[in-house]
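First up is the structure itself, then whatever we jot down about it.
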Amino acid sequence: MAQERKNAVTFQGGPLTLLGPELKAGDKAPDFKVVGTDLKPVTLASSQGKTRLISVVPSIDTPVCDLQTKRFNQEASKLPGNVAVLTVSMDLPFAQQRWCGLAGADKVQMLSDYQEHSFGQAYGVLIKELKLLSRAIFVIGPDNKVQYVEYIKEITQHPDYDKALAALKGKCCPGTVKC
């Protein structure tokens, strides 16, 4: 049974329970199995050797999730090739693909956790009551170590984009940005 973290986040002020551990910088990044928009499985090893920014959203079809994903897609175009920007949600791959087409998002890889919930449980973002993922940001180094974590307390709020990007750039482009 997955670890339960009661009152870990809120949705419009109402407390919710997250399933899984609360990861911290320095932890080994857990493996996961999600599905890409092509319906093929994707794991942590699929982007081995790259620095990864993983943006987690409850649903791509909501305003904050839409803006968050657009922002990271825009930022991804400025990053070197040794960086992968991933967005994970419970949305079906078909909805993710549709959204990418409408938004012109072509730099971020959309991943769906709808089948096994393995990402949500491994990264501690699966909302028990809603069976959706809570908003969070993870930066994982090429060594598979967690470099940065932000669990957004109120899931209708935006993450701290500047801090996440500083952590990412500090990891993928050493010496260029202070974290």
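None of the figures in this text is laboratory data; all of them are computed from the coordinates on show. Since the model is a prediction, treat every value here as computed from it, not as a measurement. FYI the Cβ positions are ideal-geometry reconstructions off the backbone, even for glycines, and counts take in every protein chain you see.
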Original post:
Which GluC sites (Glu not before Pro) in region 1-106 pass both tests, a DSSP loop state and at most 11 other beta-carbon atoms within 10 Å?
Top reply: none
Original post:
Placing +1 at every Lys and Arg Cβ and -1 at every Asp and Glu Cβ, with all other atoms neutral, what dipole size does the chain have around its Cα centre, in debye to the nearest 20?
Top reply: 420 debye
Original post:
Taking H as built 1.01 Å from N, whose amide H comes closer than 5 Å to the amide H of THR156, not counting residues under 5 places away?
Top reply: GLN12
**OP:** Please sort 87-93, 14-20, 111-117 by packing, taking for each peptide the average over its residues of neighbouring beta carbons within 10 angstrom, highest first.
**Re:** 87-93, 111-117, 14-20
Original post:
PHE119: net charge of surrounding residues, Cβ under 14 Å, Lys/Arg +1, Asp/Glu -1, itself excluded?
Top reply: 0
Subject >> Cross-link reach list, aspartates and glutamates versus LYS145, counting only Cα pairs under 16 Å and skipping chain neighbours closer than eight places >> reply: GLU22, ASP27, ASP31
**OP:** For region 4-172, calculate the relative contact order in percent as a whole number, restricting contacts to Cα pairs under 8 Å that are 6 or more residues apart.
**Re:** 32 percent
**OP:** List, in the order given, every pair from LYS28/LYS107; LYS78/LYS128; LYS78/LYS131; LYS6/LYS78 whose Cα-Cα distance in the structure shown is over 32 Å.
**Re:** LYS78/LYS128; LYS78/LYS131; LYS6/LYS78
Subject >> Solvent-free Debye scattering, log10 I(q)/I(0), computed from the Cα coordinates of the chain at q = 0.12, 0.15, 0.16, 0.19 Å⁻¹ >> reply: -0.49, -0.79, -0.91, -1.34
Original post:
When the chain is fully extended, how far beyond the present Cα-Cα distance does GLN74 get from LEU39, taking 0.36 nm per residue of separation?
Top reply: 10.2 nm
